[in-house]
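I have placed the structure first, in the form of structure tokens, so that the comments after it can refer back to it.
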Amino acid sequence: MASQPATRAQTGPEAAAWAERLRVANINPRTGLATDYLNHFNEAVMLLEMIPDMPECAEDFLTWSPLSYAEHFTASNFKARDLAIEAYEKAEPSVRAQFDHITDTMTSILTAVGSAMREVEKDTTRIRLAEQATAWVKPLIAACGGIINGGAEADVDSIMAN
């Protein structure tokens with residue numbers, strides 16, 4: 001019998017054992033999500049933040065490619081990568097939907113900025129694209145962190161309006 005996530009509806013030793021496995025693996029037992037996935041987006045932001053001082057770093061940013069949660073963990077050295085994927089799949093559907101919505105938004109922004117950077121020739125334009133993308137993506141990363149850690153729902157539209 002497969003393990004189930006520890007939710008309010010479940011109690012007992014199986015739920016407690018599952019929650020402990022997640023906690024030890026650095027996966028939030030309440031949400032079933034791991035902050036390690038945010039490293040994928042933090043890497044892109046770090047590269048974007050370098051572009052204003054070193055415009056040639058745009059080439060490094062252009063090597064970044066989107067990865068789903070499962071793809072990220074499959075390719076990572078995260079010790080409990082299989083557990084992370086299993087916990088994600090068993091996460092509360094509403095939590096996972098909100099998380100996926102924000103990560104999809106970040107992926108769309110970063111992909112669009114990459115496409116735009118490939119089309120422009122001026123470093124000043126690349127710098128503006130990098131600065132705008134950073135301003136949009138950083139708060140979304142923080143919002144994802146809140147979801148992973150069981151915080152309040154994030155309103156992507158209000159984050160993007162700022």
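Only the coordinates and a few stated rules stand behind these numbers; no lab work does. Since this is a predicted model, take the numbers as computed values, not measurements. Ideal geometry is used to build each Cβ from the backbone, glycine not excepted, and the neighbour counts take in all protein chains shown.
Remarks
- Residue exposure sequence - Ile127, Ile147 - by fewest surrounding Cβ within 10 Å: Ile127, Ile147
- Residue-span extension gain [Ser68 to Asn42] - 0.36 nm each, minus C-alpha spacing: 7.9 nm
- Descending principal axes extents, region 13-95, alpha-carbon based, whole Å: 55, 24, 18
- Computed about its Cα centre, the charge dipole of the chain is approximately 520 debye, with only Lys, Arg, Asp and Glu carrying charge at their Cβ.
- Taking every C-alpha pair closer than 8 Å and separated by at least 6 residues, the mean separation divided by the residue count of region 13-58 gives a relative contact order of 18 percent.
- Under 13 Å, Cβ to Cβ, from Ala80 - net charge with Lys/Arg +1 and Asp/Glu -1: 0
- Placing unit charges on the Cβ atoms of the charged side chains and taking the dipole of the chain about its Cα centre, the candidate lying farthest along the positive direction among Phe61, Ile147, Ala116 is Ile147.
- Counted by neighbouring Cβ atoms within 10 Å, the residues Asp123, Asp53 run from fewest to most as Asp53, Asp123.
- Residues Lys90, Lys122, sorted so that the one with the fewest Cβ neighbours within 10 Å comes first: Lys122, Lys90
- FRET efficiency for Arg128 and Ser76, using Cβ-Cβ distance with R0 set to 45 Å, rounded to 0.05: 0.90
- Summed over qualifying helices (DSSP H, 4 residues or more, each -39500 (n - 2.57)) and divided by its residue number, the chain shows a 222 nm mean residue ellipticity of -20500 deg cm²/dmol.
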